[in-house]
Structures are given as structure tokens and as C-alpha cells.
1. Is it the case, given these coordinates, that Arg27 is open to solvent by 40 Å² or more (accessible area, probe 1.4 Å) and not in a helix (DSSP H, G or I)?
2. Among (1) in contact with a Gly (Cβ under 8 Å, 6 or more places away or on another chain); (2) open to solvent by less than 20 Å² (accessible area, probe 1.4 Å), there is one condition Ser71 misses while meeting the rest; what is its number?
3. Condition first: aromatic (Phe, Trp, Tyr) and over 30 Å from Gly25 (Cβ atoms). Now tell me which residues in segment 88-142 satisfy that.
4. Which condition breaks for Gln75 when tested against (1) part of a helix (DSSP H, G or I); (2) within 30 Å of Phe29 (Cα to Cα)?
5. What number goes with the only condition from (1) over 27 Å from Tyr138 (Cα atoms); (2) surrounded by fewer than 18 Cβ atoms within 10 Å (Cβ to Cβ) that Asn100 does not pass?
6. Given the options Leu131, Leu115, name the one that is part of a helix (DSSP H, G or I), of a type in the set (A, V, I, L, M, F, W, C) and either at pLDDT 90 or above or under 27 Å from Val51 (Cβ atoms) (or both).
7. Quick one: is Gly127 outside the structural domain of Pro83 (by the TED database) and under 20 Å from Tyr86 (Cβ atoms)?
8. Going by the conditions given, is Val45 of a type outside the set (D, E, K, R), exposed (fewer than 14 other Cβ atoms within 10 Å of the Cβ), more than 23 Å from Ala139 (Cα to Cα) and under 16 Å from the mean Cα position of the chain (by Cα)?
Amino acid sequence: KSTLAVSLIIGVNQTLDTLVSQAAGARNFKLCRLYLNRARLILTVLFFIIVVISFNSAELLMRVGQKESRSILAQESLIALLPGTYIMGILDCQRRLLLNLGSSSSVMYSSILALFVHYCLTYLFMGKLDLGVQGIGYATIGSQGINL
């Protein structure tokens, strides 16, 4: 996944963590839901910026001196991981909400299941079907989707 994308998503979601913990402490669940929906909207807008950067990453990398073949491969991997990155951002919002509401066991169980599913899907898409970088993207979408 793109370090830039993940750091932006985590930064937005840390703000959500602060706001939701205060609202949950005051037992204002309607405000928690409002903060969650606002964070989802901000992440969606932010994701469109990440998409534009990802689709132009090969050009950007070549301008800073990377070889063309490596730049194209990096762009392909970024594009393949875009859906999984978006799902990860939305999932992180939900995870932070659940943790602040005291539901840590459901987060733990879904994370364990997703880890197992990711391993199996990566083996299937990379090992058996030989899909290359696209296979990693598909496995990420599948495992992140389990957590939703």
C-alpha cells in the first residue's frame, strides 16, 4: 500500500478517535455516529486525491530518476491496492468507533479471521493463479472486506 495514502488515512482517523472517545464518554451515541459519517465522507474525498496521485505515480517516479520499468510496476501495484486501501480506511473508522464503545472482542475476532483469509487468498491468487500484482490487490480486497 502507498505510505502516503495510509499515513493520510491514519491521520484523519486519529482525529476521529479523539472525537469519538469524548462523545462515547459522554454517552452521546448520536454524536459518535455523526463523527463516523463525517470521517467516512472526508476519507472518500481524500481517496479521490489518492487515486489521482496513484494513476500518475509512474510519471512522478520517472521525473525523480526512477527507471521506467520500476515506475510502471510501482504504479500497477498502487492501482491494484487502491480498493483495499479505501476499504482499510473505512474499516479503520469503524474499528476505532467500536473500540471506543468497548467492543474490542469483535474487532479482534474479525482481524484474526481477515488475517487467515488474506493468507489463503494470497496463496490462491499469487501461487495458484499467478496473477502477480493484481493478485495481491484481490487478496487485500477480500481480506479487508471480511472485516467490514
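The values are calculated or read from the model by the stated rules, or taken from the named source; none is laboratory data. The shown structure was predicted, so the numbers you read here are calculated from the model rather than taken from an experiment. Cβ sites come from the backbone with ideal geometry, for glycine too, and all protein chains shown count toward neighbours. Ligands, DNA and RNA are excluded from the accessible area calculation, which covers all protein heavy atoms including side chains. Shrake-Rupley method; radii C 1.70, N 1.55, O 1.52, S 1.80 Å.
1. Judged against the criteria, Arg27 is a match.
2. Evaluating Ser71 over (1) in contact with a Gly (Cβ under 8 Å, 6 or more places away or on another chain); (2) open to solvent by less than 20 Å² (accessible area, probe 1.4 Å) leaves (1) as the failure.
3. Phe116, Tyr119, Tyr123, Phe125, Tyr138
4. Of (1) part of a helix (DSSP H, G or I); (2) within 30 Å of Phe29 (Cα to Cα), only one is false for Gln75: (2).
5. (2)
6. Just one listed residue meets the conditions, Leu115.
7. It is false that Gly127 is outside the structural domain of Pro83 (by the TED database) and under 20 Å from Tyr86 (Cβ atoms).
8. yes
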